[in-house]
Structure formats: C-alpha cells, structure tokens
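Read through the structure below, which is laid out as structure tokens, and then see the notes.
Derivation of every value follows stated rules applied to the coordinates shown; laboratory data play no part. Everything numeric here is computed off the predicted structure, so don't read it as measured data. Neighbour counts run over all protein chains shown; Cβ positions are idealised from the backbone, glycine included.
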Amino acid sequence: MDKFKAIYKILRELERNMGNEDFDLYLISAERLKLPYVQWEQLMILLADSGYITGIIASKSLHDKFRHILEPIQPSITMRGLEYLENNSFMAKAKDALKMVGELI
C-alpha cells in the first residue's frame, strides 16, 4: 500500500474516533492496512514525531537500528493532524484515489 494512503487512513480513522474510549486499534493496525509491521511501526513513529498524532512512545536500545513503539499505545489525532488531513494535497489525492477504488474506510 502506498505510504500516503496508509497515513490518510490512519489519520482519518483517528479523526472519526476522537473521544471514543472504545476505539479498536485494529482499525489502524498493520494487518488492517496490509503493511508489514515494521513499516507500519515506522509510519506511526513518523506521525508522532511530526506532531500529527499523540499517544505513541518510541524507544531505541543499543541493539536496535531504529526506534520501536512501546506498548500499549493510545493514539489520537492532534490539531496538526486534523489540519494535515484537511489541507494536504497528497491527502486529497489519496482520498480521491481511495474513493475511486472503493477502499475508503
């Protein structure tokens, strides 16, 4: 799956579930997005580092090349994430492409 489509789906699902204490993390999981876990994990860390989501803590040990997510996670979208969803042209293109193929969550 295209990384921008995966990012769009993650942010969109978090937007839809703002304040939902029963949010099912499966909706934004690597399995659901059909991504290898390592790619999904790095996307989630990137989204957190960029300020688009909160609720992710990443750590790197001496043996790791990359940071990894510490469980449990409680991701939520930030104002910046909402603005990105609304304004980013890549997201608009991904949204249109997803609508065309019927993959919109």
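Loop only per DSSP, at most 11 neighbouring Cβ atoms within 10 Å: give me the trypsin sites (Lys or Arg not before Pro) in the range 24-105, ordered by residue number.
Taking the range 24-105 and a limit of 11 other Cβ atoms within 10 Å, the loop trypsin sites (Lys or Arg not before Pro) found are K34, K60, K65.
Once the Cα atoms of helix 89-101 and of the chain are each reduced to a long axis, what angle between those two axes, in degrees from 0 to 90 to the nearest 10, is obtained?
70 degrees
If you average the C-alpha positions of the range 39-84 and of the range 24-38 separately, how far apart do those two centres end up, in angstrom?
14 Å
For a quick check of your reading of the filter: which GluC sites (Glu not before Pro) in the range 1-89 sit in a DSSP loop and have no more than 12 other Cβ atoms within 10 Å?
Listed in order of number, the matching sites are E21.
Can you put S59, S50 in order, fewest other beta carbons within 10 Å first?
S59, S50
As a test of the definition: which semi-axes, in Å, follow for the range 1-58 when you take the square root of five times each eigenvalue of its alpha carbon gyration tensor? Largest first, please.
On the way: eigenvalues 55, 38, 23 Å².
For the range 1-58, the ellipsoid semi-axes come out as 17, 14, 11 Å.
Over 21 Å between Cα atoms: which of K5/K60; K3/K60; K3/K95 fall into that group?
The answer is K5/K60; K3/K60.
Quick check: residue separation of F66 and D22 times 0.36 nm, minus the Cα distance between them. What number comes out in nm?
12.8 nm
Exactly which chymotrypsin sites (Phe, Trp or Tyr not before Pro) in the range 1-84 are in a DSSP loop and have at most 14 other Cβ atoms within 10 Å?
F66
Per residue of the range 34-40, what does 6.51 cos²θ - 1.76 cosθ + 1.60 with θ = phi - 60° give for ³J(HN,Hα)? Whole Hz please, x for Gly and Pro, Karplus curve as stated.
6, 10, x, 3, 4, 5, 4
If one puts a single equal scatterer on every Cα of the range 1-99 and applies the Debye formula without solvent, what log₁₀ I(q)/I(0) results at q = 0.23 Å⁻¹?
Scattering profile of the range 1-99, log10 relative to I(0): -1.33.
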